[in-house]
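Structure record follows, encoded as structure tokens.
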């Protein structure tokens with residue numbers, strides 16, 4: 001992963017510091033568990049369930065905490081808040097909730113202190129959100145049609 005290098009230190013010292021840093025995944029179990037830090041990176045990882053975003057938060061004690069954003073409610077809030085690297089971010093687990101439809105979901109509270117102008121290519125995006133990825137569903141349908149068994153080759 002690419003790191004921003006502290007120009008006051010040598011590049012090798014910066015890399016040593018990055019390698020010495022403690023990293024962990026945030027996996028809340030109890031209502032009220034939270035993580036707070038500065039967004040260091042946003043990555044989109046290929047998983048068995050498709051693309052799953054994760055955010056690296058650098059906390060006050062120097063730990064890098066990875067927040068996996070596979071839960072719909074969390075992804076939607078991060079996308080709506082246009083989170084990007086450099087922002088201060090807090091996420092609190094609110095527990096399991098029941099919607100009016102009777103469906104249950106994991107709920108989160110997200111608070112963001114924006115730092116700097118929003119940069120479209122750096123903002124958190126939700127691959128399920130058509131507004132953030134215009135034409136994504138149409139392109140997917142076209143690709144399926146091209147590669148289906150019934151489609152005639154176009155050459």
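Values quoted throughout were computed directly from the atomic coordinates according to the rules given, and no laboratory measurement underlies them. All values derive from a computational prediction rather than experimental measurement. Every residue, glycine among them, receives a Cβ derived from its backbone with ideal geometry; neighbour counts consider all protein chains shown.
Subtracting the Cα-Cα distance of residue 88 and residue 103 from 0.36 nm times their residue separation leaves 2.2 nm of extension gain. Measuring r between the beta carbons of residue 20 and residue 76 and using R0 = 35 Å, the FRET efficiency lands at 0.50.
Between residue 96 and residue 122, how high is the FRET efficiency from 1/(1 + (r/R0)^6) when r is the Cβ-Cβ distance and R₀ = 35 Å? Nearest 0.05. Please list the in-between numbers first.
Working: r = 32 Å, r/R0 = 0.92.
With a Förster radius of 35 Å, E is 0.65.
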